[in-house]
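The values are calculated or read from the model by the stated rules, or taken from the named source; none is laboratory data. In this text, all values refer to a predicted model and were calculated from it rather than measured experimentally. When we count neighbours, we look across all protein chains shown, and the Cβ atoms used for this are built from the backbone with ideal geometry, even at glycine.
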Amino acid sequence: MATGSSVRKATLADAPRLAKALASAFQDDPVIAWIFPDQHRRRAVLPAFMEFRLRELAFPHDQVWMTADGAAAAVWLPPPGRWQLSRSQRVGLLPPLVRFLGLRTASVLAGLERMEARHPRDPSHWYLFILGTEPAAQGRGLGSALLAQMLAHVDADGMPVYLESSNERNLAFYSRHGFEVTSELAIPGGPRIWPMWREPRP
């Protein structure tokens, strides 16, 4: 297996490195480009935005995984329904979101809520929240290594997995790992999203 493809659980100390890798991976992602339409501002703020998401939304659930070299990361949110934020959590996250999003805060939150409304409630499942590899390390199987590590675990527990792909080019990749497109939705004024579901494999 390629150098750097061994997988381990990340810690908070890894957050800056992973934020940098994910910012690079998602620089041209359609949803991220919709959130930050100005390319120069996107490049400037995306590492901090990714670190904010990791610290506030991912690490509290202790399911952030990374390759040994930090070039790729996966964020999983465990069942039941850990992806859902309480009202108090949403209120607490609003000030930093406003700092990142400015006048686009309301429209971005409305679009993200549209995505969340399509997130299945039942049956209980794992949620692949983020999976990304920085461009310089793509093509080395790092994303597949991260997926394989966790899918073996969820298959052993007989649990399905849900994700939302924001890039049509990635659908074939996820299909190879057992995911199927369940629908398609469009964020008003933004890109298309493809929800995908994977049943556990024996």
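Miscellaneous remarks
- Residue check: THR67 meets all listed conditions (1) among the polar types (S, T, N, Q); (2) farther than 24 Å from PRO135 by Cβ; (3) buried (at least 18 other Cβ atoms within 10 Å of the Cβ) but one, namely (2).
- The one condition from (1) on the phi > 0 side of the Ramachandran plot; (2) modelled with pLDDT of 85 or more that THR105 does not meet is (1).
- Residues of region 158-182 that are on the phi < 0 side of the Ramachandran plot, assigned to a loop (DSSP other than H, G, I, E, B) and either modelled with pLDDT of 95 or more or of a type in the set (Ser, Thr, Tyr) (or both): MET159, PRO160, SER166, HIS177, PHE179, THR182.
- Under the condition of being free of Cβ contacts under 8 Å to residues at least 40 places away in the same chain and either surrounded by 20 or more Cβ atoms within 10 Å (Cβ to Cβ) or within 13 Å of PRO16 (Cβ to Cβ) (or both), the residues counted in region 51-62 number 2.
- Taken over region 131-157, the residue count meeting the criterion of being buried (at least 19 other Cβ atoms within 10 Å of the Cβ), among the hydrophobic types (A, V, I, L, M, F, W, C) and assigned to a helix (DSSP H, G or I) is 7.
- Taking residues in region 115-132 that are hydrophobic (A, V, I, L, M, F, W, C), and partners anywhere that are at pLDDT below 90, the pairs with Cβ atoms closer than 8 Å and at least 6 places apart or on different chains are MET115/ILE187; TRP126/PRO79; PHE129/TRP83.
- Matching option when the condition is in contact (Cβ under 8 Å) with a residue 24 or more places away in the chain, in contact with a Lys or Arg (Cβ under 8 Å, 6 or more places away or on another chain) and either part of a helix (DSSP H, G or I) or surrounded by 22 or more Cβ atoms within 10 Å (Cβ to Cβ) (or both), among ALA21, ALA48, ALA73, ALA15: ALA15
- Any hit, region 99-115, residues being more than 17 Å from the chain's Cα centre (by Cα), within 21 Å of ALA19 (Cα to Cα), surrounded by fewer than 15 Cβ atoms within 10 Å (Cβ to Cβ) and hydrophobic (A, V, I, L, M, F, W, C): no
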